[in-house]
Amino acid sequence: MKTTDAIAANVDQDASDQLVIQEVLAGHRDAFRLLISRYSDPLYRHALCMTGSPDVAEDVLQLSFIKAYQHLSEVRGRFDAWVFRIVANGCKDWLKNIRRSHLSYEEDDQPSQQATPDEELDRTELRSDLDRALASLPASLREAFIMKHVEGRSYEEMADLLGTTVGALKMRVHRAREALQALLEEKYA
Amino acid sequence: MHEDLSSDAGLVRDGRKRPAPEGPARPLVDREVPLGPQADRPLAAAVHAWLDGELPEAAVRKTESSKDVEFWRALDTEMARVRRLRTPQHVEAQIMAALPTHAPAAAISPWYRREFVITPATALLVGAALVAAGSIVTALLVR
C-alpha cells in the first residue's frame, strides 16, 4: 500500500514538475524557483558529501541548476532524476579536476574547514572522521555509499539513476562499508 | 583490460614457460568496482543484509557481529545529522540571480527527427508531380 502511495506521489510530483517546466519555457523565469526549492536539499547533501566542502557543494549546485535551466527543453522523463545526473556528474568532474591539477589530494580533497555556523555546532568528531574516511574512498564507492546510506535510495533507484546494475552497486556499497569500517573501527568500534 | 603487447608473456625463446616474476600483481586500473582501502576482515553477510534492510537488527545482534551493529548504529546516527542538512538560504537567491534573463531555448531537433506530416492535398500534388516526371522521362526515352 505504501509503495502504491509512493508511486502515486511520484507521478503527481512528476506531472507538477512538467507543468512548471512548461511555465518556464513559456518565459516565466521565476517559476524555476519552485524547482530549485523542491530539489535543492537532497542535491546539496549529495554534493556536500561527494566534495566534502560546503563552498564547492554550493558552486556545483549553482552551476548544475544553471545548466538545467539552459537545457530545460531537453528534459525527457523525470526532472528530479535528470537534474540529479547533472549534479552527480558535476561532482565527479570536480573530483577529476582536483586530481588533474596536481594539487595534493590529501590536502585539497578533504572536508573544508569553512563550515556554516549551524553545521559547526552539529559537527562531531565522528562526523569529521567520517568525512575524512569518505574522502579517501574512490569516487564510485563514495557515490554509491552516499546514495544508499545518506540519501536512503533503493538499489533499483540507484541503478536507474547511475545507469548500472543492482549487482555492481551492491558490490560498491559493500566495498565502501568494509573500507569505512577498516578506517574507523579502531577508534569507534 | 589493457594487454601489454610488447611483453613476451612469460615465454622464453625455446617456448618453455618462465617462472612467474615475484612481487605484487599489476594493479587493475579499469575495474568496474575499484578497491578502496582494504578491510582487515570482511563484514559478515548478515551485517550487509541488515544494512540493506533485508534482515532485522535482532537477527544480526544474536551473532558474533553485535560489535559491528554498534559501530554502524553510531555511524547511522551521524549520517542522520547529514540527512537533516538543508541548502543554505542564500543559495536559491544566488542561483536565480545567475540564471540567464531570457527563457531557455526550445530544443532544435534535426530535420530527420522531426515529425513528417502529409496532408491529402500534398499527397495529390506529389503524386501528380511524379506522374508528370515519369511521362517526361518515358517520352524522352521513346524518342
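Under the 0.36 nm per residue contour assumption, what length would be gained going from the current alpha-carbon distance of A:Leu19 and A:Asp93 to full extension?
On the way: separation 74, 0.36 × 74 = 26.64 nm, distance 3.11 nm.
Once the chain is fully extended between A:Leu19 and A:Asp93, it gains 23.5 nm.
Per residue of B:133-140, count partner chain C-beta atoms within 10 Å of its C-beta, then hand back the mean as an integer. Don't jump to the answer; show the numbers that get you there.
Details: counts 0, 0, 0, 0, 0, 0, 0, 0.
Per residue, the number of nearby Cβ atoms from other chains is 0 on average.
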- When B:Trp72, B:Trp111 are ordered from fewest to most other Cβ atoms inside 10 Å of their Cβ, what list results? B:Trp111, B:Trp72
- Message: Run the simple label-point estimate for B:Trp111 and B:Ala80 please: 7 Å along Cα→C-beta, distance reported in nm.
- Response: 6.3 nm
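With r as the distance between the Cβ atoms of B:Ala103 and A:Ile66 and R0 = 22 Å, compute the FRET efficiency 1/(1 + (r/R0)^6) and round to 0.05. Could you put the intermediate results ahead of the total?
On the way: r = 14 Å, r/R0 = 0.64.
About 0.95, to the nearest 0.05.
Determine, for A:Arg132, A:Arg153, the number of other Cβ atoms within 10 Å of each Cβ, and report the residues in order from fewest to most. Walk me through the numbers before you get to the answer.
Working: A:Arg132 16, A:Arg153 19.
Sorted ascending by nearby Cβ count, the order is A:Arg132, A:Arg153.
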- The long-range amide H neighbours of B:Leu55, using H built 1.01 Å from N in the peptide plane and a cut-off of under 5 Å, are B:Trp50
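Pop the C-beta distance of A:Ala81 and A:Tyr188 into the FRET formula with R0 = 41 Å and round what comes out to the nearest 0.05. Walk me through the numbers before you get to the answer.
Values: r = 35 Å, r/R0 = 0.85.
According to the calculation, E is roughly 0.70.
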- Query: Once label points are set 7 Å from the Cα along Cα→Cβ at both B:Ala123 and B:Met96, what is their separation, rounded to one decimal in nm?
  - Reply: 5.3 nm
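Every number in this text was worked out from the coordinates using simple rules, so none of it is lab data. Quantities reported herein were computed from a predicted structural model and do not represent experimental measurements. Please note: Cβ atoms are built from the backbone with ideal geometry, for glycine as well, and neighbour counts cover all protein chains shown.
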